[in-house]
1. Just need a number here: residues in the range 166-188 that are out of contact with any Ser or Thr (no Cβ under 8 Å at 6 or more places or on another chain) and assigned to a helix (DSSP H, G or I).
2. Give 31, 76 a once-over and let me know the one that is modelled with pLDDT of 95 or more, closer than 21 Å to residue 166 by Cα and not polar (S, T, N, Q).
3. I need the full set of residues from the range 86-108 which are among the hydrophobic types (A, V, I, L, M, F, W, C) and open to solvent by 20 Å² or more (accessible area, probe 1.4 Å), in order please.
4. Out of the range 18-53, which residues are assigned to a helix (DSSP H, G or I) and open to solvent by 40 Å² or more (accessible area, probe 1.4 Å)?
5. Write out, first by first residue and then by second, each pair whose Cβ atoms fall under 7 Å of each other, whose residues are 6+ apart or on separate chains, and whose first residue, in the range 32-56, is aliphatic (A, V, I, L, M) while the second is assigned to a loop (DSSP other than H, G, I, E, B).
6. Residue 129 versus (1) out of contact with any Phe, Trp or Tyr (no Cβ under 8 Å at 6 or more places or on another chain); (2) at pLDDT below 95: which is the lone unmet condition?
7. Out of the residues in the range 63-88 that are of a type in the set (D, E, K, R) and in a loop (DSSP other than H, G, I, E, B), state the one that is nearest to residue 150 (Cα to Cα).
8. Here are the criteria: (1) crowded, with 17+ Cβ neighbours inside 10 Å; (2) at pLDDT below 95. Tell me which single one residue 188 does not satisfy.
Amino acid sequence: MSLAIIVPTLNEEAHLPACLDAASRERPDELVVVDGGSRDATCDVARTHGVRVIETKPGRAAQMNEGAARTTSDLLLFCHADTMLPDGYRAHVERILGDASVSLGAFRFGLERRRAANRVIELGVALRCAVFGMPYGDQALFCRRADFLAVGGFAPPPALEDMALVLDLRRLGHLRMAPVSVRISDRAWKRHGYFALTLRHYGKAVTWLARRGTDRR
């Protein structure tokens, strides 16, 4: 099965090189950066790495949908620009999606720096995935193109695009987590504070899920 990796970007020149280096190691059939109007050297960094660049309007859901539409591979993997895929990631993707009962896969969550606060965040995410079956987009979601198209891709705002896709794809089959972790920059937690950002994430998720449930009644 052919594999396309789609990386949405906006002013990511600092983190993109490590992301592309990790993604390139497993030789995906397609690796594209979908840029939403960066004002730094993001696009130059991508082209220096020999990566195809698609320039479009900003908005992560729209950028990832555009990347999916402009690729042709059987399998799609959506990777944030500050996320590094683990060694051997392609074998995990192919094995998981080789099971016809599975419609969605994701990697375990791991923050780049080894700190006590980061370990607490990682444990919380692991619990969320185990209990609620809800990985987020920074865990490098992957699926079959056919299933992605069947659910209409990523939902536009005000939806939380990663949660919406997870819920939509879970109606088609099972979620399966890869036994290895991505490595994610902890820049957002350092900038906003560990407790404040975690509370903000959960608050947005609960609010959106409640609104989604109301809209479907």
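The values are calculated or read from the model by the stated rules, or taken from the named source; none is laboratory data. As the structure is a prediction and not an experimental result, all values here were calculated from the model. Every residue, glycine among them, receives a Cβ derived from its backbone with ideal geometry; neighbour counts consider all protein chains shown. With ligands, DNA and RNA removed, areas are computed over all heavy atoms of the protein, side chains included. Shrake-Rupley method; radii C 1.70, N 1.55, O 1.52, S 1.80 Å.
1. So the count comes out to 5.
2. Working: 31 fails: closer than 21 Å to residue 166 by Cα.
The unique qualifying residue is 76.
3. Hits for the range 86-108 are 91, 100.
4. Narrowing the range 18-53 to residues assigned to a helix (DSSP H, G or I): 18-24, 42-48.
Passing the criteria: 18, 21, 24, 44, 47, 48.
5. 32/51; 32/70; 32/71; 33/51; 34/56; 41/13; 45/13; 54/70
6. For residue 129, the failing item is (1).
7. Step one: of the range 63-88, the residues of a type in the set (D, E, K, R) are 66, 70, 74, 82, 87.
Still in the list and also in a loop (DSSP other than H, G, I, E, B): 70, 74, 82, 87.
Numbers: 70: 17, 74: 13, 82: 28, 87: 30 Å.
Here the residue is 74.
8. Of everything listed in (1) crowded, with 17+ Cβ neighbours inside 10 Å; (2) at pLDDT below 95, residue 188 misses just condition (1).
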